[in-house]
Amino acid sequence: YDIAADCAGTCGGDSVTDCSGTCVAGWLMGYLGDGWCDGSDAPWGIDLTCYDCDNGDCSGDCGCELDIPAGDCDCDGNVLDVCGECGGDGVDADEDGICDDVDDCVGAYDFCGVCNGDNVCDDAPAGCDEGTVDDCSGDGDCCSESWIGDGYCDGEDQAYGCDLTCYEGETECGGGDPNEGLCYDDVDFNFDLDGDGYVDSESI
């Protein structure tokens, strides 16, 4: 014959599961209706409230014929903490509905996916393709190498989308001699009538 094991794992044993889900010795069932309330707090080692309020012994007690008081989560006067645990002391500082002790981020993620980050991502490309150079601002952009010294200032304000001031050839922003390499050797032919820093043969 197949003999079932009891809740304690004993083959043919007499242990039983009481009304609170606790595995207890079978002989405690003898307390059922004995004139003493074996309530949810199991004062005598077993909870028999689901057996018609311990056969009437617990009539009128909280959790049996009386509802748990409004605002409480059990018959001991405990309330739910912010994490939803009855009688717990959990904290949810960022009020995201996740208890801080199991919250992956107590705060908020920035757009880079960093908890409490400053929105500065560090996943910029490892290098730029041939014909392009790193943006001097460090923002991860790659800019056309041909823009260096093309006559337009690619400055820190990134008016054209790039900062190239860290490259020697970007003289348009005041980083070098704007007249270097001009074809006029005679300074008498090098005029700057409009005062833009470039000789007129190149700038007008």
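When you go through ASP47, ASP2, ASP92 one by one, which is the residue that is more than 47 Å from the chain's Cα centre (by Cα) and in a loop (DSSP other than H, G, I, E, B)?
ASP2
Which of (1) within 27 Å of GLU170 (Cα to Cα); (2) surrounded by fewer than 15 Cβ atoms within 10 Å (Cβ to Cβ) does GLY107 not meet, given it meets every other one?
(1)
Condition check ((1) among the aliphatic types (A, V, I, L, M); (2) out of contact with any Cys (no Cβ under 8 Å at 6 or more places or on another chain); (3) at pLDDT 95 or above) across all residues:
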position	(1), (2), (3)
ASP2	no, yes, no
ALA5	yes, no, no
GLY21	no, yes, no
TRP36	no, yes, no
GLY39	no, no, no
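Check the stretch 114-137 and report whether any residue there is part of a loop (DSSP other than H, G, I, E, B), surrounded by 12 or more Cβ atoms within 10 Å (Cβ to Cβ) and under 13 Å from the mean Cα position of the chain (by Cα).
Within the stretch 114-137, one or more residues are part of a loop (DSSP other than H, G, I, E, B), surrounded by 12 or more Cβ atoms within 10 Å (Cβ to Cβ) and under 13 Å from the mean Cα position of the chain (by Cα).
From the residues in the stretch 5-44 that are among the aromatic types (Phe, Trp, Tyr) and in a loop (DSSP other than H, G, I, E, B), which one is surrounded by the fewest Cβ atoms within 10 Å (Cβ to Cβ)?
Going through the qualifying residues, I end up with TRP36.
Which pairs have Cβ atoms under 8 Å, sit 6 or more apart or on different chains, and link a residue in the stretch 18-42 that is closer than 22 Å to ILE68 by Cα to one that is surrounded by fewer than 18 Cβ atoms within 10 Å (Cβ to Cβ) and of a type in the set (D, E, K, R)?
Between residues of the stretch 18-42 that are closer than 22 Å to ILE68 by Cα and residues that are surrounded by fewer than 18 Cβ atoms within 10 Å (Cβ to Cβ) and of a type in the set (D, E, K, R), the close pairs are CYS37/ASP61; GLY39/ASP61; SER40/ASP74; ASP41/ASP76.
The values are calculated or read from the model by the stated rules, or taken from the named source; none is laboratory data. Please read these numbers as outputs of a predicted model, since none were measured by experiment. Note that each Cβ is placed from the backbone with ideal geometry, even for glycine, and that neighbours are counted across all protein chains shown.
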